[in-house]
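> Before we start, here is the structure in question, set down as structure tokens.
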Amino acid sequence: MQQSTPPRGVKSSGHRIKSALREFISSQASGGLVLMGVALLALVVANSPAAPTYFEVLESHVLGLSVMHWINDALMSLFFLLVGLEIKREFLDGQLKTWPDRALPGVAALGGMLVPALIYIAFNWSTPETLRGWAIPSATDIAFALGVLALLGSRVPVSLKVFLTALAILDDLAAVVIIAIFYTTQLSWPHLLAAFTVLVILNVLGRSGVKPLSIYLGLGLVLWFFVLKSGVHATLAGVALAMMIPIGTPEGRPSEAESPLLRLEHSLHPWVTFLIVPIFGFANAGVSFAGMSASVLLTPVPLGIALGLFIGKQLGVFLFAWAAIRANLAQLPAGSTWPQLYGVAMLCGIGFTMSLFIGLLAFPTAPELQAGVKVGVLFGSLFSGLTGAALLIAWTTATTQTKRNENVGSI
């Protein structure tokens, strides 16, 4: 996820646009650091004397739905709304506006989805029940990855941070499509037709230049209800609503205050980053290791996920990016090196939020498989984060030392 440059015309200075991008990266990275702390806290609580209370609260019911259900189907709809807003803005007037801009992150994202999925499939081919989880290791958690990059400071060029952000946006887009196609249950056509009718109304309002966000959000609640009842996962209502909210006005390019999309995105960003996603992480990262042996990691689901994230992501992202650059379809990000690009490819194996979410959809009625998903995601993300950070630190240190030796030799 990201919040980078606003539509063309909103900022007149290239310097201010770059400053805004740097501010976003810093903010998003801060959200990633919060998410790390929350995930660790969830693991501690789930393996402490407070564990029974923790799981009891999540399973308790409020207004007919469990607390976990409200978090994953209602709160996360706002997360997907923000994802949809970011995708729309980036494609219309952002880092992914033109095909040359999309080339490197697009090809890298494709590799980062295919190779992890193939690795998972290789370990689960003979078990149709677990094969449903093939998409789990294909996701990248941008907040977590940028959080790790934030810890590295100036060791990583801004161009690589932009590359990682653009890749994750395309990765999120693919995840939304995968959820819609492969993780949809039995459809209720009357509710689906009602949801489509609401979307048509929203589209007419957007094309007519209607600006008040209260109208879009009010209809968005109606849309969420119909999508929830339709059999399509309710969170996709957030993405659908985002596609209907206008970025500008019929008269021309808007200022930030005139753009409904920008106003909503900027309003949602801190709430999603520092409240909604951490709540999701706390509710879903807690896995009890009581009675669990190390051999659990070697079972097909957690092993396929862990290796898909750790091995599959770095190979898929780096090799596909390398091929695109060698074929002159794209260029190496400015000021970066091949080892740095490989380090960032490793960080793409951090698949926390979206991987856990897809895991819940893949195994909705199998708690033991959900526990395996959590173990695989946690270990795969941990190894990816640690090795990616270590490589970037080692390469930067070696490069700095080489330059110092060259300077000393030239005196």
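> Taking the criterion of being modelled with pLDDT of 90 or more, closer than 22 Å to PRO364 by Cα, of a type outside the set (A, V, I, L, M, F, W, C) and not in a helix (DSSP H, G or I), would at least one residue in region 63-84 satisfy it?
no
> One residue is enough: does region 119-128 have a residue meeting the conditions open to solvent by less than 10 Å² (accessible area, probe 1.4 Å) and closer than 19 Å to LEU360 by Cβ?
Kept after step one, since they are open to solvent by less than 10 Å² (accessible area, probe 1.4 Å), are these residues of region 119-128: 120, 124.
After this cut, where a residue has to be closer than 19 Å to LEU360 by Cβ as well, the list is 120, 124.
Yes, region 119-128 contains a residue that is open to solvent by less than 10 Å² (accessible area, probe 1.4 Å) and closer than 19 Å to LEU360 by Cβ.
> Do you know which residues across region 279-317 are more than 17 Å from PHE123 (Cβ to Cβ) and in a loop (DSSP other than H, G, I, E, B)?
Of everything in region 279-317, those that are more than 17 Å from PHE123 (Cβ to Cβ) and in a loop (DSSP other than H, G, I, E, B) turn out to be GLY286, VAL287, SER288, PHE289, ALA290, GLY291, MET292, SER293.
> Would you please list the contacts, defined by Cβ atoms under 7 Å and residues six or more apart or on different chains, that run from a residue in region 358-384 that is under 22 Å from ILE181 (Cβ atoms) and free of Cβ contacts under 8 Å to residues at least 24 places away in the same chain to a residue that is open to solvent by 10 Å² or more (accessible area, probe 1.4 Å) and in a helix (DSSP H, G or I)?
Every condition considered, the pairs that remain are GLN370/LEU360.
> Right, something else. Looking only at region 316-327, filter to residues that are among the aromatic types (Phe, Trp, Tyr) and touching a helix residue (DSSP H, G or I) at 6+ places or on another chain (Cβ under 7 Å); which one of those is most open to solvent (accessible area, probe 1.4 Å)?
That would be PHE320.
> Look through region 134-163, keep the residues that are closer than 18 Å to LEU85 by Cα and among the aliphatic types (A, V, I, L, M), and return whichever of them is modelled with the highest pLDDT.
This residue is VAL162.
> Take the residues in region 345-391 that are among the polar types (S, T, N, Q), in a helix (DSSP H, G or I) and open to solvent by 30 Å² or more (accessible area, probe 1.4 Å); name whichever of them is nearest to MET76 (Cα to Cα).
GLN370
> If a residue must be open to solvent by 70 Å² or more (accessible area, probe 1.4 Å) and either touching an Asp or Glu at 6+ places or on another chain (Cβ under 6 Å) or in a loop (DSSP other than H, G, I, E, B) (or both), how many such residues does region 198-233 contain?
2
> Something else about it: Considering only residues of region 86-100 that are open to solvent by less than 70 Å² (accessible area, probe 1.4 Å) and assigned to a helix (DSSP H, G or I), which is modelled with the highest pLDDT?
LYS88
> Moving on. Of the residues SER77, SER188, which single one is in contact with a helix residue (DSSP H, G or I) (Cβ under 7 Å, 6 or more places away or on another chain), surrounded by 20 or more Cβ atoms within 10 Å (Cβ to Cβ) and either under 21 Å from GLY231 (Cβ atoms) or of a type in the set (A, V, I, L, M) (or both)?
When all the criteria are applied, what remains is SER77.
> Within the set of pairs 6 or more residues apart or between chains, which connect a residue that is among the hydroxyl-bearing types (Ser, Thr, Tyr) inside region 64-82 to a residue that is open to solvent by 40 Å² or more (accessible area, probe 1.4 Å) with Cβ atoms less than 6 Å apart?
As it stands, the answer is SER66/GLU59; SER77/TRP224, since those pairs meet every condition given.
> Turning to a different aspect of this structure: Given the criteria buried (at least 20 other Cβ atoms within 10 Å of the Cβ) and either in a loop (DSSP other than H, G, I, E, B) or at pLDDT 90 or above (or both), does ALA330 qualify? Don't jump to the end; show me each part of the working.
On the way: buried (at least 20 other Cβ atoms within 10 Å of the Cβ): yes; either in a loop (DSSP other than H, G, I, E, B) or at pLDDT 90 or above (or both): yes.
Taking the combined requirement at face value, the residue satisfies it.
The values are calculated or read from the model by the stated rules, or taken from the named source; none is laboratory data. Owing to the predicted nature of the structure, the values given are computational and were not obtained by experimental measurement. Neighbour counts are summed over all protein chains in view; Cβ atoms, including those assigned to glycine, are modelled from backbone coordinates with ideal geometry. SASA here: full protein model, heavy atoms, side chains in, ligands and nucleic acids out. Shrake-Rupley method; radii C 1.70, N 1.55, O 1.52, S 1.80 Å.
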